[in-house]
Each structure stands twice: as C-alpha cells, then as structure tokens.
1. Given the options 224, 248, 209, name the one that is out of contact with any helix residue (DSSP H, G or I) (no Cβ under 8 Å at 6 or more places or on another chain) and among the basic types (Lys, Arg).
2. Could you identify the single residue in 316, 302 that is under 17 Å from residue 155 (Cβ atoms) and within 40 Å of the chain's Cα centre (by Cα)?
3. With respect to residue 179, is the statement that it is more than 23 Å from residue 235 (Cα to Cα) and either buried (at least 22 other Cβ atoms within 10 Å of the Cβ) or out of contact with any strand residue (DSSP E or B) (no Cβ under 7 Å at 6 or more places or on another chain) (or both) true?
4. Can you tell me which condition residue 275 does not meet? The list is (1) surrounded by 12 or more Cβ atoms within 10 Å (Cβ to Cβ); (2) more than 32 Å from the chain's Cα centre (by Cα); (3) farther than 22 Å from residue 191 by Cβ; (4) of a type in the set (Val, Ile, Thr), and all the others hold.
5. Among the residues of the stretch 285-308, how many are charged (D, E, K, R) and crowded, with 16+ Cβ neighbours inside 10 Å?
6. Which one of the conditions (1) more than 17 Å from residue 159 (Cα to Cα); (2) surrounded by 15 or more Cβ atoms within 10 Å (Cβ to Cβ) does residue 196 fail to meet, given that it meets all the rest?
7. Are there helices (runs of 4 or more DSSP H) fully within the stretch 189-262 with at least 2 residues that are hydrophobic (A, V, I, L, M, F, W, C) and modelled with pLDDT of 95 or more? List them.
Amino acid sequence: MDDLILNVDFAAPERRPKKEPGNRKHQSFVRRRRELERRGVLRQKQLPAAPGGPRRAPGSGAKPRPGRPRPCPGENGGDAAAPRCPPLSQNGSDAAAKSEGKARGAARGSAGAPPASQSGPAAARKARGAARGAARGAARGTPKSGGAPPAPPKLVAMDCEMVGTGPGGRTSALARCSIVTYGGDVLYDRYVRPEAPVVDYRTRWSGIRRQHMDTAVPFRTAQREVLRILAGKVVVGHAIHNDFKALRYCHPRALTRDTSQIPLLNRRAGFPANVAVSLKRLAKALLNQDIQVGRSGHSSVEDARATMELYKVVEEEWEQHLQQNPEQK
C-alpha cells in the first residue's frame, strides 16, 4: 500500500488589513498625519493627547521645560560636544527668571531678595506680597518707629466751654468749641446752642452770655462738624474727657494727649507727678503766660493754644514714653 503524504501548513493565515474607517479623504488625512508624526514635524500642541500625559514627538523642536538643565549651543552648532550651562537651582527657576525677578523686586522697592534656599515661585509671591504690604503701609502713613512724635498736621488742640442746664443748672452742656492747629491757627470756633434750655450761663468761667446764643449753631450741627475735624487726629486737651463728654463722643485713647495726665509736665513745673494741676497754673509755671484772668470768663481759643504749647514742652519725651509703655495710651 502506497504511503499517503499530507502537506499541512501550520502558519497563521494572513489577516486582511483592516479597512480604514471613513471616506477616502479622511483616510488620506490619517495617513498623512501618521507620516508627519513619524517625522516629528508636528508641534507639541498639535499631537493627540495620550492617557499617560501629553505626547512629545521624537526629535521635535519643542522648548525644554524650565528648571531642566539644557545644553548650551556649541560653536559648530552641535549639542553633543558643547559644554553644559551652569547648573540651575533645584527649585526650577533658570538664570533668566532670577534676573527678571530681581529686577522686578528692585523696581518695586522691596527690602531685599529672599535666601537662595527659599527662592522660587512661592518665595517670589511672598516677596511681592511683602513689598505691596510695605507700600500700602507707607501710603497710609504708618507711625514712625523710635518714639517719634506725630506729624504736626495730625495734631490739634481742643477746648470747650459749658453752660448749665436741667434742675439747678447742674448739668453741663456744650456752649462753645474751639480747635487749633499745631501752630495755633484756629480751625474751628463756634458757639453752640444746647438742646435743653440754658439755666446757668456760668459767665464767670465760660464767658458765655445770652446774646451768644442768638448766633449759635444747633448742638447736632456742631457735633457733626467737630467730629469731622477730629477724625484720625491726635487731640491734645486739658482734662479733655470733660470736653468729649460734652460732645457725647469718645475719641480713641491712643490718639488722645491729656496735659492734665502727663507727669513730665508736673515735674517740669515743680508739682507732684500724680496731682491734677490746673491749666492756668501750668501755663504760668512753664510758659510764663497768664490765662483765664479777669471777670469776662475763659476763652476756649486761648486755652486750646496754651494746651498745645504745654504739650510741645514735653512732646518728644512723652511720645517716647508712650512708645515704650503702650498700655498707658
């Protein structure tokens, strides 16, 4: 019986190439795109996104990310033999970025550059914030360090005269208010009509008479005008809490200088430090000035000017004392 020979081919059958989806125009576009990707002609933004992150075409001319060392171009145009640029800091900023950051910091008036270990985007943002905060503080007129006295435009002196209202005229009510500048110029001086009927004009001390009420402004009007002037100012006065009480107002304690509560003035005048001395006696002892004399009553403008002059006598020492003892403000 003849032998039966079988020729069996175990090779996998050839698969037919998958038919490209779409019409001929789309197929031509896909083939062309693949060819461009293979050559590396397409730019990075034109490459399709991959699941692991953005694709980078091989050999593409895309710029390296900042912070990664890149070779300096050699004289022959090649990169292989070219010397490496100086190593960059580990925070990811190159030399150009550092130079630009320093230039911006100098232009904005920053106090100084941060240490090298703290440089970088986070430190740059922190430095910019500090520079802006310093600029805002300077624009708002932050107080000087070292106990320097307030600027003269921020200083005013005030004195008020009161009359008596209510039963027996025992309730003090504002009848005149005067405000002067650091140099003694009058900022405000008006007679004020109390809301309650005047029972006692107290002319011997206040200098107020009945005819003054004919041209006086209502209390609410005077209060509004005075508070507008005092806003943000350092107010000097003698026993000034009485004046604020008559105005129905409470000025910030840190912006108040009461010459009846400054021990330096008493010591300079030869009085006990913790005793409330009258404005008349202090003016005579330290300024050699006679005020509140005669029977015509006090002048609130004269008293305000005398109070400012007394404050000037111990201005620097008192302000330094307040800077060292802020709880006494």
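The values are calculated or read from the model by the stated rules, or taken from the named source; none is laboratory data. Bear in mind that the values here come from a model prediction, so they are computed numbers and not experimental data. Counting neighbours? That spans all protein chains shown, and the Cβs are built from the backbone with ideal geometry, glycine included.
1. One residue alone meets the criteria, 224.
2. Exactly one residue qualifies, and that residue is 316.
3. Spelling it out, it is not the case that residue 179 is more than 23 Å from residue 235 (Cα to Cα) and either buried (at least 22 other Cβ atoms within 10 Å of the Cβ) or out of contact with any strand residue (DSSP E or B) (no Cβ under 7 Å at 6 or more places or on another chain) (or both).
4. (1)
5. So the answer is 3.
6. Condition (2) is where residue 196 drops out.
7. On the way: elements: 203-206, 219-230, 240-247.
It comes to 219-230, 240-247.
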